[in-house]
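The values are calculated or read from the model by the stated rules, or taken from the named source; none is laboratory data. A quick note: this is a predicted structure, and the numbers were derived from the prediction, not measured. When we count neighbours, we look across all protein chains shown, and the Cβ atoms used for this are built from the backbone with ideal geometry, even at glycine.
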Amino acid sequence: MDHLLNADLHCHSVFSDGTLAPEVLARRAQANGVGLWALTDHDEISGLDQALSSARAIGLPCLTGVEISVTFAGVTVHIVGLGFDHRHPPLIEGLRRTRAGREQRARDMGADLERAGIQGAFDGAMKYVDNPDLISRTHFARYIVEAGYCSDTHEVFRKYLAEGKPGYVPHRWASLGDAVGWINGAGGVAVIAHPARYALGINGEYALFSEFKAHGGLGVEVVTSAHSVPEVARYADMCREFGLLASRGSDFHCPQESRCDLGSLPDLPGSVTPIWAELRARVD
Ligand code: AMP
Ligand code: MN
Ligand code: MN
Ligand code: MN
């Protein structure tokens, strides 16, 4: 398992805001040449039994995964967990608490969007929700496109759902220490997801990496669909500076919406150590 392995360690199913079932994702990953796969639904691990059994049935190497929503310095940051015991009670309970505020947040979003001129957003978003525990901004975006207010989900985020826009409801997620602690406590490894996406500034980013490392975090997504070529180089440098391992994941959600398909990312740069060096023993 070297740095050229076609690993895809970040994607979403209908258990959060993806549109495909875990078994469909497993088949798609294999068809696209993925050699190591993880399903990482937002704050949710109920899809992992299906992911693991589907991957096993087709001989696709698979890890457990999750993407935990964290509030760090007032900014939402995502921490991916990989290769943990998905039956570990403190992890299950921590994720349950992290999901708990989503329904009220969604009701507040619906009311705010109504004031911004978008009718029926809560009920409309719910039509796209498969797992009632996990209503996300993505489900609202799909409804707002369907209702004709915007032409694609990216435009919805730009106009209505990004921070500071009329449908954005601030929310307090898990703490960084709790998220890394739940993952490590369940025997997994923690990874900072798509670091270029956070509006932390240079000092805030340095604080995130330092505190993540101090809490026992091990990895950073260097190659992800959210990163440009210079960003890949920048986070490869950050891995070396902080002594962190590099991960790779498409963040695939939906064939129609995602910029990048499963397994179709650039290779990891040769200068970093792949996180799968650490994960070998946990592959199913
Ligand atoms: P939530 O956890 O409910 O805040 O929703 C976060 C999800 O919204 C992310 O995981 C993405 O799937 C989606 N998202 C965030 N920003 C954008 C964007 N600019 N364009 C499209 N999807 C986005
Ligand atoms: Mn998402
Ligand atoms: Mn994310
Ligand atoms: Mn994601």
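Brief remarks follow.
- Wholly within the stretch 1-97, strands (runs of 3 or more DSSP E) carrying at least 2 residues that are surrounded by fewer than 23 Cβ atoms within 10 Å (Cβ to Cβ) and at pLDDT 95 or above: 65-72, 75-82
- Residue within the stretch 164-182 that is in contact (Cβ under 8 Å) with a residue 60 or more places away in the chain, polar (S, T, N, Q), within 22 Å of Val283 (Cα to Cα) and touching a strand residue (DSSP E or B) at 6+ places or on another chain (Cβ under 9 Å) present: no
- Among the residues of the stretch 2-12, not a single one is within 16 Å of ligand 1 (Cβ to nearest atom) and either polar (S, T, N, Q) or over 16 Å from the mean Cα position of the chain (by Cα) (or both).
- Checked against (1) under 20 Å from the mean Cα position of the chain (by Cα); (2) under 22 Å from Leu52 (Cα atoms), Ala281 meets all criteria but (1).
- Of the candidates Ala196, Ala236, Ala179, the single residue that is modelled with pLDDT of 95 or more, out of contact with any helix residue (DSSP H, G or I) (no Cβ under 8 Å at 6 or more places or on another chain), part of a helix (DSSP H, G or I) and not aromatic (Phe, Trp, Tyr) is Ala236.
Here is a yes/no grid of residues against (1) more than 16 Å from ligand 4 (Cβ to nearest atom); (2) surrounded by fewer than 18 Cβ atoms within 10 Å (Cβ to Cβ); (3) in a loop (DSSP other than H, G, I, E, B):
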| position | (1), (2), (3) |
| --- | --- |
| Leu134 | no, no, yes |
| Glu155 | yes, yes, no |
| Arg158 | yes, yes, no |
| Gly217 | yes, no, yes |
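- In the set (1) away from ligand 4 (no atom under 16 Å from the Cβ); (2) in a strand (DSSP E or B), the condition left unmet by Val223 is number (1).
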